[in-house]
Amino acid sequence: MSGTQIAIIDYDAGNLRSVEKAFAYLGENAFITRSPQEILQADAVVLPGVGAFGDAMEKLRRYGLVEVIRKSVQSGQPFLGICLGLQLLFEKSEESPGVEGLGILKGEVVRIPAAEDLKIPHIGWNSLEIREGATLFRGLQKEAYVYFVHSYYLRAKNEQEVAATTEYGVKIHASVEQGNIFACQFHPEKSGETGLLILKNFAGQKSF
């Protein structure tokens, strides 16, 4: 098969098919699976998701995927979290008090504060402020626009891991990079040519 073998983790979360189609458009061999063997043998792994933090963690545990994700990250496979997939990589979320996240990266997910002129959930296009040299954003203009759908946002503990930010009432950590781990709060698969370039940059990563 041609293209990078990209395993998209299936834990009954929404948005899997649109991620699969975006990679297929780029000529990559993306496939949806919850098989530990298929995930760990892939060239790269994606954890997408739309939904609630607590429900998602319960399903990852039910399907035995928590340990698979940890093994994937530890093995050096390029790993991409999208939207809820970004949030799950961190320690906890205000959306689901008492529920532990994967804790692979340090930080917490908090609710976007209410304001008269802001609608929550935040749905729509926002420009990014991109950190110079960020891997996922190579070839993009400095303030590229991407598509968001979320009510909660990341506050990463380690600022050096933040690859891009946006403003929506508060400063939002919109993307992180740490070694072989990449994650986006926005949806690259719904962000037009900009998003396709981000996914192409990810697919071009080799194991660390």
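Assorted remarks:
- Residue in segment 8-25 that is buried (at least 22 other Cβ atoms within 10 Å of the Cβ), in a strand (DSSP E or B) and not hydrophobic (A, V, I, L, M, F, W, C) present: no
- Residue check for LEU140: in contact (Cβ under 8 Å) with a residue 40 or more places away in the chain, assigned to a loop (DSSP other than H, G, I, E, B) and either touching a Cys at 6+ places or on another chain (Cβ under 9 Å) or of a type in the set (A, V, I, L, M) (or both): yes
- Number of positions in segment 122-132 that are part of a loop (DSSP other than H, G, I, E, B) and either modelled with pLDDT under 95 or of a type in the set (D, E, K, R) (or both): 2
- Taking segment 149-178 as the range and being more than 24 Å from SER75 (Cα to Cα), assigned to a strand (DSSP E or B) and not aromatic (Phe, Trp, Tyr) as the test, the residues that pass are VAL149, HIS150, LEU154, ARG155, ALA164, THR165, THR166, GLU167, LYS171, ILE172, HIS173, ALA174.
- Residue in segment 50-81 that is nearest to ILE39 (Cα to Cα), counting only those that are touching a Pro at 6+ places or on another chain (Cβ under 9 Å) and in a helix (DSSP H, G or I): VAL68
- In segment 179-208, the residues that are farther than 17 Å from SER75 by Cα form Cβ pairs under 9 Å with partners that are in a helix (DSSP H, G or I) and among the acidic types (Asp, Glu), at six or more places apart or across chains, as follows: GLU189/GLU20; GLY195/GLU189; LEU196/GLU189; LEU199/GLU189.
- Breaking point among (1) free of Cβ contacts under 8 Å to residues at least 60 places away in the same chain; (2) open to solvent by 60 Å² or more (accessible area, probe 1.4 Å); (3) under 19 Å from PHE31 (Cα atoms), for VAL45: (2)
- Hits in segment 92-121 - residues which are open to solvent by 40 Å² or more (accessible area, probe 1.4 Å), touching a Lys or Arg at 6+ places or on another chain (Cβ under 9 Å) and in a strand (DSSP E or B): GLU108
- Filter pass, GLN74 being free of Cβ contacts under 8 Å to residues at least 12 places away in the same chain and either closer than 17 Å to ALA183 by Cα or among the basic types (Lys, Arg) (or both): yes
- Filtered by the rule that a residue be over 14 Å from the mean Cα position of the chain (by Cα) and open to solvent by less than 40 Å² (accessible area, probe 1.4 Å), segment 149-164 gives a lone residue, SER151.
The values are calculated or read from the model by the stated rules, or taken from the named source; none is laboratory data. On a predicted model such as this, the values are computed, not experimentally measured, just so you know. Because the Cβ atoms are built from the backbone with ideal geometry, glycine has one as well, and the counts that use them run over all protein chains shown. For the accessible areas, the whole protein counts, side chains as well, though only heavy atoms, and no ligand, DNA or RNA atoms are used. Shrake-Rupley method; radii C 1.70, N 1.55, O 1.52, S 1.80 Å.
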